[in-house]
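One structure is given here, and the rest of the page talks about it.
Please treat every number below as a calculation from the coordinates, not as lab data. What you are looking at is a predicted structure, and each value in this text was computed from that prediction instead of being measured. No Cβ is skipped: glycine too gets one built from the backbone with ideal geometry, and neighbour counts run over all protein chains shown.
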Amino acid sequence: MRAAPAIFPLPTDTPQQLVDFMRRLATVMAGGRNAEMLLDAASLIEALSRRAASAEQLFHELQEDHANNLERRDIAELASDNMMVEIAELKARLAESNRIAEAEIAALKGEIAEREAQAEQDRAGFAEEALRLQAATQEVQTRLDGANASLEALRNPAKAVDGSVAMVPRQTLQTARDQFAFLAAGFAKAGDLISQTICEVGACAIDKTLGGGEAAKG
């Protein structure tokens, strides 16, 4: 009585189970072309399964990379938008700073121009005042020289060449003394100490002459 052939149920779960089934079935067949074909088919299925698994793994990796790229793109777009906003704000601040700087520069230029004009006016005024003081000094010096000459003639009447004596009225001397006093007061107000001193010396000399004349008269 022949033994009943072994029955192997077909696997339905995974390709590896199918490969194992085909290899077991090939071992049951005692060699032959069919067994070889089953083994070749099992090897091919196994290779295809590995390739499919690798392709699936690569697909998942590509999906993850794509998702990461999308996330990075979103982050980059957000950063770019924020940067554009910051750039716009910086441009506005720079424009405002430039406007303020230009206004300050214009104000400084105007102030400098005003100060230069005022300095020019001051220089002209100082030059005019110097000329006026110089002319006044020359006039006082001329008057003082004349007064000194008159005083010298009064003090030394005997030195006249022709032996004549020049008589000067007291009123004239008093007028000269008053003029010296007036000039001295004016120079004192102007702060011209040199001219003031010269006039005071002249007035003092006339006072001495007048005093000497009164003493001699008495």
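If the chain between E96 and K109 were fully stretched, how many nm would it gain, using 0.36 nm times the residue separation less the Cα-Cα distance?
That works out to 2.7 nm of additional length.
Calculate, for E77 and E36, the FRET efficiency according to 1/(1 + (r/R0)^6) with r their C-beta to C-beta distance and R0 41 Å; round to the nearest 0.05.
0.10
Give, in nm to one decimal, the length gained when the segment between D145 and V85 is fully stretched (0.36 nm per residue of separation minus the Cα-Cα distance).
Residue separation times 0.36 nm, minus the Cα-Cα distance, leaves 12.8 nm.
Let's see if you can work this out: charge +1 on each Lys and Arg Cβ, -1 on each Asp and Glu Cβ, no other charges. What is the dipole magnitude of the stretch 44-153 about its Cα centre, in debye to the nearest 20?
Dipole about the Cα centre, nearest 20: 160 debye.
Which net charge results when you count Lys and Arg as +1 and Asp and Glu as -1 among the other residues whose beta-carbon is under 13 Å from that of D65?
With Lys, Arg at +1 and Asp, Glu at -1, the neighbours total -1.
Taking the stretch 15-73 on its own, what percent of its Cα-Cα pair distances exceed 20 Å? Could the numbers behind the result be given before it?
Working: 803 of 1711 pairs.
Value for the stretch 15-73 (Cα pairs over 20 Å): 47 percent.
Net charge near E114, counting Lys/Arg +1 and Asp/Glu -1 over other residues with Cβ under 14 Å of its Cβ?
Numbers: positive: K109, R115; negative: E111, E116, E120, D122.
Local net charge: -2.
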